[in-house]
Amino acid sequence: MSTKQSATQETLAVRSRQLAQKKNILSGATVYLSGPMDFVASRKEEKEFGWRNRVGQFLKRYKVTVYDPWYKPPVKGMRHYGKEDEFSTQKRQNWTFDDSPDGHKTRAELCDEFWPTLHVDLRMTDTADFLVAFVPTNIYSVGTVHEIVMARLQHKPVLFVSPSVTFPVYEELEAHLKEKGDEKGQAMLEELAKQAPLRSNPGAMPSMWYMALVDGHYFFDGFGFAQYAGEFGWRKGALDLHDEQCPPKRPLLPYLEALNMQIPKRYDLEQDKFVENPEWLIFDDEDL
C-alpha cells in the first residue's frame, strides 16, 4: 500500500470515529428508493402500502431526506413536472406499432410524455447520497436497473434487497391437480410456468450481473420489518407474511440502524481484511 493510500485510509478512519461519536451519521443524508413500479401486482396497493412507505418512515426517524418516486418532490417553477401515480400506465395503452404517420406521431407523443418521469427519477438518483433498491427476481423493471447503474458509476452505496421468491399458491394448485388426477390441468399449469415464466428463487440469489455491479457488502435478503412493526404501528400485510414464510438472514433495517452509529467496513479481497468504506460520502454541513 502506498503512503498516499495509507494517509487516505487514516483520514477516513478519523472521520468515521468523529461521525460515530455524534451517533447520527444519517442525519442530513438523502436516500432514493428504487424498485419496480410498472409491473407490480397493484400499483395502487404498492403506492399506499408498499415497502417504500415503511423504509421511508424508518429513515425519516434519523432525519434522512427520502426520495420516493411515487411522491416526487415538486420542481420549482414546474410543480407538476414528472409526476407519476397509479394511473400513469393507462396512457401507455395508446402505444402502437403502426408504421404510418399517425403511428409515428403516437409513439413520439408517448415518449415525450414519459420523459419527464425518467428525468426526475434520475435527478433524484443523482442527488441522493445512497440508494435502497428492492429487486425481486420475478418482477420486470428497467428503471431500477438504470438507477442502480447510474448510482454505481458514481460509486454510491446501493443497498440491494433481493428477497426470496416462491409461489406457494402455484405449488398448492399443482398438488391439487395431481391429487385429482387432472392430467390436462397439470399440463396447462406446466405450460403456464414456461410462458410466464414462473421461476422460484428460494435462495434469494440476485442476478450474476448485479453481483458484479453491486459491492458484496450491500446485499440483503429482506427488510426485517417484524422487529420494528410495533414501534411504527405497521399494519400486517403481504410484506409481513412473506417474511414469516421466508425469514431474512441478512435484513436491511438493522443494518441501517447500525449504520447511523458507525459506517460499516467492507471486506477487501486484495488486502484480505475489512477496511474503511469511502463510498459513504455523507457531507457534514456543520463543518462548512
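Screening P247 on (1) assigned to a helix (DSSP H, G or I); (2) modelled with pLDDT of 90 or more shows it passes everything except condition (1).
Counting just the residues of the range 178-197 that are closer than 19 Å to T166 by Cα and of a type in the set (A, V, I, L, M), which one comes out surrounded by the fewest Cβ atoms within 10 Å (Cβ to Cβ)? Here the answer is A196.
Considering every residue within the range 75-95, establish whether at least one is assigned to a strand (DSSP E or B) and either surrounded by 15 or more Cβ atoms within 10 Å (Cβ to Cβ) or not assigned by TED's automatic domain parsing to the domain that holds L252 (or both). Within the range 75-95, one or more residues are assigned to a strand (DSSP E or B) and either surrounded by 15 or more Cβ atoms within 10 Å (Cβ to Cβ) or not assigned by TED's automatic domain parsing to the domain that holds L252 (or both).
Just a yes or no: is a residue in the range 51-62 assigned to a strand (DSSP E or B), within 30 Å of V275 (Cα to Cα), at pLDDT 90 or above and among the hydroxyl-bearing types (S, T, Y)? Within the range 51-62, none of the residues are assigned to a strand (DSSP E or B), within 30 Å of V275 (Cα to Cα), at pLDDT 90 or above and among the hydroxyl-bearing types (S, T, Y).
If you filter the range 45-73 down to residues that are in contact with an Asp or Glu (Cβ under 6 Å, 6 or more places away or on another chain) and under 18 Å from W234 (Cα atoms), you find that the one that is surrounded by the most Cβ atoms within 10 Å (Cβ to Cβ) is R52.
Report, by residue number, each residue of the range 250-288 that is assigned to a loop (DSSP other than H, G, I, E, B), more than 24 Å from the chain's Cα centre (by Cα) and not acidic (D, E). If the condition is that a residue be assigned to a loop (DSSP other than H, G, I, E, B), more than 24 Å from the chain's Cα centre (by Cα) and not acidic (D, E), then L269, Q271, L288 are the ones that fit. How many residues does the range 122-148 hold that are surrounded by 16 or more Cβ atoms within 10 Å (Cβ to Cβ), within 13 Å of the chain's Cα centre (by Cα) and of a type outside the set (A, V, I, L, M)? Result for the range 122-148: 9. In this structure, D129 qualifies as of a type in the set (D, E) and closer than 21 Å to A29 by Cβ. When the range 149-168 is examined, which residues are found to be surrounded by fewer than 19 Cβ atoms within 10 Å (Cβ to Cβ) and in a loop (DSSP other than H, G, I, E, B)? Answer for the range 149-168, where residues must be surrounded by fewer than 19 Cβ atoms within 10 Å (Cβ to Cβ) and in a loop (DSSP other than H, G, I, E, B): Q154, H155, T166, F167. The single condition among (1) in contact with a His (Cβ under 9 Å, 6 or more places away or on another chain); (2) modelled with pLDDT of 90 or more that P278 does not satisfy is (2).
Among the residues of this structure, A133 counts as one that is within 30 Å of P202 (Cα to Cα) and small (G, A, S). Evaluating P254 against the criteria (1) touching a residue at least 40 places away in the same chain (Cβ under 8 Å); (2) in contact with a Gly (Cβ under 6 Å, 6 or more places away or on another chain) leaves one unmet condition, (1). Filtered by the rule that a residue be of a type in the set (A, V, I, L, M), in contact (Cβ under 8 Å) with a residue 40 or more places away in the chain and over 8 Å from S34 (Cβ atoms), the range 121-134 gives M124, A128. Total residues in the range 209-245 satisfying the condition of being hydroxyl-bearing (S, T, Y) and more than 14 Å from the chain's Cα centre (by Cα): the figure is 1.
Taken together, G230, G216 contain a single residue that is surrounded by fewer than 13 Cβ atoms within 10 Å (Cβ to Cβ), in the same structural domain as K156 (by TED's automatic domain parsing), more than 30 Å from H146 (Cα to Cα) and not hydrophobic (A, V, I, L, M, F, W, C), which is G230. When you check P206 against the structure, is it under 22 Å from L256 (Cβ atoms) and assigned to a loop (DSSP other than H, G, I, E, B), yes or no? So P206 passes the test.
The values are calculated or read from the model by the stated rules, or taken from the named source; none is laboratory data. What you are looking at is a predicted structure, and each value in this text was computed from that prediction instead of being measured. Reconstructed Cβ throughout: ideal geometry from the backbone, glycine too, with neighbour counts over all protein chains shown.
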